[in-house]
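The values are calculated or read from the model by the stated rules, or taken from the named source; none is laboratory data. Note that the coordinates shown come from a computational prediction; the quantities given were computed from them, not determined experimentally. Heads up, the Cβs are rebuilt from the backbone with ideal geometry, glycines too, and the neighbour counts pull from every protein chain shown. Quick note on the areas: whole protein, heavy atoms, side chains included, nothing else; ligands and nucleic acids left out. Shrake-Rupley method; radii C 1.70, N 1.55, O 1.52, S 1.80 Å.
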Amino acid sequence: MGKTIFITGAGSGLAKGAAFGLAAQGHKVIAPVETAPQVTALREEAKLKGLDLDVFKMDIKNPQDLAQMLDYDFDIFVANAAVNEGGPLSEVPMQNFRELFEVNVFSTLETAQIAARKFVDKGKGKIIFMSSMAGIMATPYVGPYTATKHAIEAIATTMQKELEGHGVQVATINPGAFATGFNDRSAEAKWKWYDEAIHFTRKEDMEEADQALENQYDPAEMITKMVEIIPLDTHKFRTAFPEETEKQMKEEEAKRWDLEI
């Protein structure tokens, strides 16, 4: 039986692919995007694929846009919309850091609160937070984004305990590094403000870290996993993918208990 699935930030990347994949499976997909041009682009691409998506502009930081959620009834809510920016935590401009939290944490929680109220009133529903391997792991010069995803992990874990008694499921999906361009744009962002003459972080260290992006995974694999997991009635609280990423996340957590400084 098809589900009605609401996915924020569906204009690009993994969420866009998942929206198409879920619609192709017969699910009703509500696919809001951040900007008006994305609305046109996504509608046209869906039409070319012969898929029916409900696409509209919903910048999750905009209260008027956010109010549109109240007009929809859905079975599953996927809190995906996010922004990404890298840089050393010791020197990142606080305005940039705050912007990531505004979108990835505060506004994301606000969307989840709207979904939670709807689901509690119905006595059922599922909220999936698109987290990341960064929700558990810590990588140098990815700290701003990592901090927001650690917050999402705490939010999801707490809401799972709080909403379980209301019949509402809560889970996370934690992708590894996939070549959607999202990570690459993040790596580029720090060079807009970094000045070697002012900042103490060594340029060569950040450049070396950026080289890891040369070995990202094929997004099609993650999209397939999302299309599999999102509609399920039951699954694990945390879905990390691929298996190599799941192993890295578990090893990272274990190391922290014995790490000496």
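Just a few scattered comments:
- Search result, residues across segment 49-107 that are within 21 Å of PRO37 (Cα to Cα), touching a strand residue (DSSP E or B) at 6+ places or on another chain (Cβ under 7 Å) and among the acidic types (Asp, Glu): ASP54, ASP65
- Looking only at segment 39-79, residues that are open to solvent by less than 10 Å² (accessible area, probe 1.4 Å), without any contact (Cβ under 8 Å) to a residue 40 or more places away in the chain and of a type outside the set (A, V, I, L, M) come to 0 in all.
- Candidates are the residues of segment 11-38 that are touching a strand residue (DSSP E or B) at 6+ places or on another chain (Cβ under 6 Å) and crowded, with 21+ Cβ neighbours inside 10 Å; the one that is nearest to LYS49 (Cα to Cα) is ALA23.
- Here segment 173-191 is the region considered, the condition is being free of Cβ contacts under 8 Å to residues at least 40 places away in the same chain and closer than 25 Å to GLY11 by Cα, and the residue that is least open to solvent (accessible area, probe 1.4 Å) is ASP184.
- Condition check for LYS247: within 17 Å of GLY17 (Cα to Cα) and either assigned to a helix (DSSP H, G or I) or at pLDDT 95 or above (or both): no
- Within the span defined as segment 244-251, one or more residues are within 18 Å of ILE128 (Cβ to Cβ), open to solvent by less than 40 Å² (accessible area, probe 1.4 Å) and not polar (S, T, N, Q).
- Residue list for segment 83-109, restricted to those being touching a Pro at 6+ places or on another chain (Cβ under 9 Å) and either open to solvent by 80 Å² or more (accessible area, probe 1.4 Å) or within 30 Å of HIS166 (Cα to Cα) (or both): LEU89, PHE101
- In the set ALA147, ALA138, ALA151, ALA134, only one residue is aliphatic (A, V, I, L, M) and assigned to a loop (DSSP other than H, G, I, E, B); that residue is ALA138.
- With respect to being on the phi < 0 side of the Ramachandran plot and at pLDDT below 95, ALA179 fits the description.
- Among residues of segment 206-261, those that are of a type outside the set (Asp, Glu) and under 30 Å from TRP193 (Cα atoms), counted: 9
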